[in-house]
Every structure is written in structure tokens, then in C-alpha cells.
Amino acid sequence: MSAKPLLIPTPLGAMLGRLPAYPGSLFFVTGLNLALSKQLAPDVTQMLLGKKLRLRVTDAHWAFDFEWRNKHFAACQNVGEADLTISASAHDFVLLARRQEDPDTLFFSRRLAMEGDTELGLLVKNTIDAIELPMVNLEPFKPAQVLARLRARWTLRQSH
């Protein structure tokens, strides 16, 4: 039996869900473009053209809306249904990004959901599976690491 996935606590998720969506989408597509945009084949980008995509982080109550435009992903304010919505917890998205979990395993255990255009969903999944992505190292972003860097900078400024 596998361990229960880590979830963002409900009160924190409710608070995060109150944040405006568009700035988060801008931040998300910046990372997406750094990781993927130059690696996508022309036939893939042609199929993505004009499609509204949404990534939903279920436990954080966040949704990032974006589309492929002018050779890169662009944040968009999508008030309607997306052509493809991919949903999972923050923890499961981190596992996917770090290649520690397979999307099929998460899908069949109902921890990852795809809604909308099935052909587009398979294109996205197969494209990500085929791309050699660098491992995502989250160690520098742990609160203790961030605080240690901030403390070091503060100490350095105080000594000058």
C-alpha cells in the first residue's frame, strides 16, 4: 500500500484560491517556456495553436490558463472551459516534474485527471514523455534554505 499523498492544508488552499489567477498564470508560463518551448516539435506546436489549456492544482485551488502563441506559451484569461484541463495536487505535479511518478500511474489511481479534448491530452502527455527534461531540484526552495540565504544576505549587508 502506497503512502498517502501530501496535500496543501485546506485552510491554506482556500486562502491561495482567493489570489488572482492571471499573475500566477504568467509565472507558470515563464517556467513552462524555460523548460519546454524550445524543445517542442513543429507538428506539436501546430496542434497546440489556438488551444486553451488549463492546469488545475486541486489542493491549492489554483488554475493556470495558457495557450501556445508566437513560438511560446502565453498566459491567458480564459473565462470559459479550456480545450484541455489537467488536474492534480501540488505534490503530484511536483512528482511528475521530478520524474518520480509516471502520469499513467497517477491517472489510473485517480490522482491525475484530464478533461476535454482527448486527442490533445494524449498529445501533451506523449510530448512530455518524449522530451528529456532536466530534473527539478526543489531543495533550494525549501523554507529553511530560502531563510538561510536571506539571513546570509542580511548579514553581508550589515557588515558593509
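The values are calculated or read from the model by the stated rules, or taken from the named source; none is laboratory data. Predicted, not measured: the structure shown is a model, and the values here were computed from it. Glycine gets a Cβ as well: all are built from the backbone with ideal geometry, and neighbour counts include every protein chain shown.
Across region 57-71, what is the number of residues that are without any contact (Cβ under 8 Å) to a residue 40 or more places away in the chain and either among the basic types (Lys, Arg) or touching a Lys or Arg at 6+ places or on another chain (Cβ under 9 Å) (or both)?
Total meeting the criteria: 4.
For region 36-75, how many residues meet the condition of being of a type in the set (D, E, K, R) and in contact with a strand residue (DSSP E or B) (Cβ under 7 Å, 6 or more places away or on another chain)?
6
Tell me, which helices (runs of 4 or more DSSP H) lie completely within region 9-56 with 2 or more residues that are free of Cβ contacts under 8 Å to residues at least 12 places away in the same chain, under 18 Å from the mean Cα position of the chain (by Cα) and exposed (fewer than 14 other Cβ atoms within 10 Å of the Cβ)?
On the way: elements: 10-16, 21-35, 42-48.
Correct list: 21-35.
Conditions: (1) out of contact with any helix residue (DSSP H, G or I) (no Cβ under 7 Å at 6 or more places or on another chain); (2) surrounded by 10 or more Cβ atoms within 10 Å (Cβ to Cβ); (3) assigned to a loop (DSSP other than H, G, I, E, B); (4) modelled with pLDDT under 85. Glu132 meets all but one. Number of the miss?
Unmet for Glu132, out of (1) out of contact with any helix residue (DSSP H, G or I) (no Cβ under 7 Å at 6 or more places or on another chain); (2) surrounded by 10 or more Cβ atoms within 10 Å (Cβ to Cβ); (3) assigned to a loop (DSSP other than H, G, I, E, B); (4) modelled with pLDDT under 85: (2).
Those residues that are in a loop (DSSP other than H, G, I, E, B) and in contact with a strand residue (DSSP E or B) (Cβ under 9 Å, 6 or more places away or on another chain), I need them from region 80-100; list them, please.
Across region 80-100, the qualifying residues are Gly80, Glu81, Ala82, Asp83, Ser89.
Taking Thr85 as the residue in question, decide whether it is farther than 17 Å from Asp129 by Cβ and at pLDDT 95 or above.
Criteria met by Thr85.
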